[in-house]
1. Loop only per DSSP, at most 12 neighbouring Cβ atoms within 10 Å: give me the chymotrypsin sites (Phe, Trp or Tyr not before Pro) in region 113-189, ordered by residue number.
2. Tell me the trypsin sites (Lys or Arg not before Pro) within region 32-126 that lie in a loop according to DSSP and have at most 13 other beta-carbon atoms within 10 Å.
3. Report the charge-dipole magnitude of region 28-165 in Debye, nearest 20, computed about the Cα centre from +1 at each Lys and Arg Cβ and -1 at each Asp and Glu Cβ.
4. Over 17 Å apart: what share of the alpha carbon pairs of region 47-182 falls there, rounded to a whole percent?
5. In nm, what is the difference between 0.36 nm times the number of residues separating S66 and V159 and their Cα-Cα distance?
6. Mind running the shape call on region 108-171? Use the C-alpha gyration tensor, a ≥ b ≥ c as the square roots of the eigenvalues: rounded below 1.5 for a/c, prolate if a/b tops b/c, oblate otherwise.
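Nothing in this text is a laboratory measurement; each read-out follows from the coordinates by a stated rule. These numbers come from a predicted model, not from an experiment. So basically every Cβ, Gly included, is an ideal-geometry build from the backbone, and we count neighbours across all protein chains shown.
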Amino acid sequence: MSSDAIPGGGSPDFELRPGEEVELAEDPQALPAARRFRDVLGRFASGVTVVTALSDGVPVGMTCQSFSSVSLDPPLVLFVPALTSRAWPRIRRAGQFCVSILAADQTALSQRMASRDAEKFAGVGWVPSPVSGSPALEGALAHVDCAVHAVHAAGDHDVVIGRVLALDAVDGDPRPLLFYRGTYRTTTD
């Protein structure tokens, strides 16, 4: 299909501007079931990150696999927290955050940060990130220190755009922690 072909024969001159949405008829029979949606999209392997901040001087964090670069100029990244997250409102109020990209041996850390445990940071090694002071987790492959740039509502999640303030990565070629088809992996094999 060519890039300007519209399924069903519609006009190719359709254009959305930032912030505009398309109204679609809600047909519950046409919507995919949540389980099927997760099964199909789970075939996309993603890295695993932990997003952290200091909230009233107390570290807060959440595991997040929906993380991506957005722009080089200015340098922007995004992550997508669920509206049900207990950590996200505290990170949002902080106005800044650090993303730690996890290494293959950090499955337990990912699970801990995904839990609702009030003491997630007990015994977890971290240092303040260089600009925001948000926790940069020890052993991670990389850290991306950010300020909240924009937040967009998206169904049962928010899309958070972060302006990159500083970043660093470990030397060498360490293996990343991956999430694929509903489980942690170090490869998709």
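1. none
2. Here the sparse-neighbourhood loop sites are R43, R86, R116.
3. 400
4. Values: 5008 of 9180 pairs.
Of all Cα-Cα pairs in region 47-182, 55 percent lie more than 17 Å apart.
5. Values: separation 93, 0.36 × 93 = 33.48 nm, distance 0.94 nm.
This chain segment gains 32.5 nm when fully extended.
6. oblate
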